[in-house]
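Report on the structure given below.
The values are calculated or read from the model by the stated rules, or taken from the named source; none is laboratory data. Note that the coordinates shown come from a computational prediction; the quantities given were computed from them, not determined experimentally. Reconstructed Cβ throughout: ideal geometry from the backbone, glycine too, with neighbour counts over all protein chains shown. Protein only, heavy atoms only, side chains kept; ligands, DNA and RNA dropped before computing areas. Shrake-Rupley method; radii C 1.70, N 1.55, O 1.52, S 1.80 Å.
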Amino acid sequence: MKQYILFILFYYLMLSLCSGCKDFLGEEPKDQVNEGETQKTLQSIYLNYIAALYTYVGGYEDSQGLQGTTRGIYDFNTLTTDEALIPVRGGDWYDGGFWQRLYFHTWRTDDQYIRAVWEYLYKVIVLSNKSIEVLEAHKTVFDTATMDQYIAEVRGFRAVFYSYLLDLFGRIPITTSSSVPVKEIRQSERKEGFDFIISELQEVLPLLSSEHSNKFGEYYGRITQPVACFILAKVILNAEVYTDNDWTDNSYPDGKNIYLTIEGTPYNAWEAVAYYCNRIRELGYTLSAAYEDNFTVFNESSPENIFTIPMDKQSYTHQMQYLFRSLHYNHSNALGFSSENGTCATITALQIAGYDTDKVDPRFDKNYYAGIMYAADGNIIKDNYGHTVEYVPWEVKPDLSGSPYEKMAGARMKKYEIDKTNIKDGKLIDNDIVLFRFADVLLMISEAKIRNGKNGDTELNEVRARVDAPYRQATLENILDERLLELAWEGWRRQDLIRFRKYHEAYDQRPQLNGEESGYTTVFPIPQSILELNPNLTQNKGY
């Protein structure tokens, strides 16, 4: 598939790019090349209308991709939480106040990067709609069963992108057409979006391959049954949030009373989470023997990773900028790439990990750099002034300007193995970016059991035992902490804090905003310029 994607990327972009995607259906798509050439054979149909969609899972510029780039989905889900932040470091990282607005939840309705994320997600959805229309039109030309499988795959792919929109923006327009005029697009309430995603995934699930998507082969990087089951479990885990049409009234649905029908049998939300998680287990996923094996340079053999962004620095332009953005300049130089000395762990992350105590979590040293840094030859790394490069985790503050720890405060990202053959300053690597993995599945089962009044100790401690962490009782508080310990730097913290009713509270060094007790910041504002395009859309409450 890597070779396919490289070959067709530019061709498909020329076919599908349209100003309607850029302005969220502002105009009907205008084909740039002869569509007939892309639809002659079953292989050309697959390459141009299915495989090409996967080029959008990663990204190479700001706000593009589900992970890997900056000022996009990952940053909105990570740097707005008690997990990580980018402090102002004197003349570095102010950037018009953008990073401070993320941390303090003071983003604006005219923020260009919130709009860019909205446009990116809808661009992919419109292209998916176009693909489905082409596939439907060719069901009488090519093998019907194969075309049905292709359509199911694209519908599943589209549902993944809708799940991100639902999580970020709450009340979203749902469209299944590539050419509907923008003024005809209707805004859906949050529960309607939830119902749509669940229905789509349940309908397509039987038609999807059961292959492991993270493995090399025909289904590498594609939507398969385990990927669909993971999204189903994750969306349903957040059912109390996603079925709440007014999240600002401090009244919430109860997952025990939210019912879903699975293969003719009713399950409450927590039972449904366990059902889909157990389906993943039955499909052969297990924990890797070593935690760090999931993030190695060539991590396609992981038995744990469920869905990844395939990375190949010789074939793709997908970038992974998180290590580049976090490490001190001279530290990265010693490791063979460049960096920007920015992102670091919060005080809260240190406290949850037990840093600087005799009970530090075993994953701390796997996820973070802290203390004095050494080069491969054993020598201490120095900065340009001859000072030791020593990360001082406890000294982190949102604004470090003038602090003696301005350049050194904060524990830094370590999670992914350094690809010593990296290019483009360390942004192009061969470590596939991990989006979904089995450890999260176990933690979802544990949480669902607790919320349903049952015991979730087994699954929680299966995750902890892998790193030789001591046995811990499964309580909601311990589950939330465990999710930060296990899933640090993986982009889940905002969603977790919202589900646990903590995201809109004061935490770490962030005070609660005036009026934030309503929970209005648990979704982002719909970009003002998008509202101006479509009179049917209204702003989320509180903005």
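Of the residues screened, Phe196 is not one that is part of a helix (DSSP H, G or I) and open to solvent by less than 10 Å² (accessible area, probe 1.4 Å).
Could you grab me the full set of residues in the range 457-479 that are part of a helix (DSSP H, G or I) and within 23 Å of Asn305 (Cβ to Cβ)? The answer is Thr458, Glu459, Leu460, Asn461, Glu462, Val463, Arg464, Ala465, Arg466, Ile479.
For the range 328-335, state whether one or more residues are assigned to a strand (DSSP E or B), of a type outside the set (Asp, Glu) and touching a residue at least 12 places away in the same chain (Cβ under 8 Å). Checked the range 328-335: no residue is assigned to a strand (DSSP E or B), of a type outside the set (Asp, Glu) and touching a residue at least 12 places away in the same chain (Cβ under 8 Å).
The rows are residues; the columns are (1) touching a strand residue (DSSP E or B) at 6+ places or on another chain (Cβ under 6 Å); (2) closer than 30 Å to Tyr220 by Cα; (3) open to solvent by less than 20 Å² (accessible area, probe 1.4 Å); (4) part of a helix (DSSP H, G or I).
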{"position": "Thr421", "(1), (2), (3), (4)": "no, yes, no, no"}
{"position": "Asp425", "(1), (2), (3), (4)": "no, yes, no, no"}
{"position": "Val441", "(1), (2), (3), (4)": "no, yes, yes, yes"}
{"position": "Ile450", "(1), (2), (3), (4)": "no, no, no, yes"}
{"position": "Asn455", "(1), (2), (3), (4)": "no, no, no, no"}
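Of all residue pairs spaced 6 or more apart or on separate chains, none has beta-carbon atoms under 8 Å together with a first member in the range 136-147 that is closer than 12 Å to Gln43 by Cα and of a type in the set (A, V, I, L, M, F, W, C) and a second member that is open to solvent by less than 60 Å² (accessible area, probe 1.4 Å) and modelled with pLDDT under 90. Has the range 61-83 got any residue that is aromatic (Phe, Trp, Tyr) and modelled with pLDDT of 95 or more? Yes, the range 61-83 contains at least one residue that is aromatic (Phe, Trp, Tyr) and modelled with pLDDT of 95 or more. Residue count for the range 498-543 under the criterion of being within 18 Å of Phe76 (Cα to Cα), among the β-branched types (Val, Ile, Thr) and either open to solvent by 10 Å² or more (accessible area, probe 1.4 Å) or in a loop (DSSP other than H, G, I, E, B) (or both): the result is 4.
Restricting attention to the range 143-183, the residues that are of a type in the set (A, V, I, L, M), farther than 25 Å from Gly58 by Cα and not in a loop (DSSP other than H, G, I, E, B) total 3. Of all the criteria given as (1) more than 29 Å from Glu516 (Cα to Cα); (2) in a loop (DSSP other than H, G, I, E, B); (3) touching a Leu at 6+ places or on another chain (Cβ under 6 Å), the one not satisfied by Thr80 is (1). One residue stands out in the range 95-113 among those that are out of contact with any helix residue (DSSP H, G or I) (no Cβ under 8 Å at 6 or more places or on another chain) and of a type outside the set (Lys, Arg): the one that is surrounded by the fewest Cβ atoms within 10 Å (Cβ to Cβ), namely Gly96. Taking the numbered list (1) open to solvent by less than 50 Å² (accessible area, probe 1.4 Å); (2) in contact (Cβ under 8 Å) with a residue 60 or more places away in the chain; (3) out of contact with any strand residue (DSSP E or B) (no Cβ under 7 Å at 6 or more places or on another chain) in turn, Thr348 passes all entries but (3).
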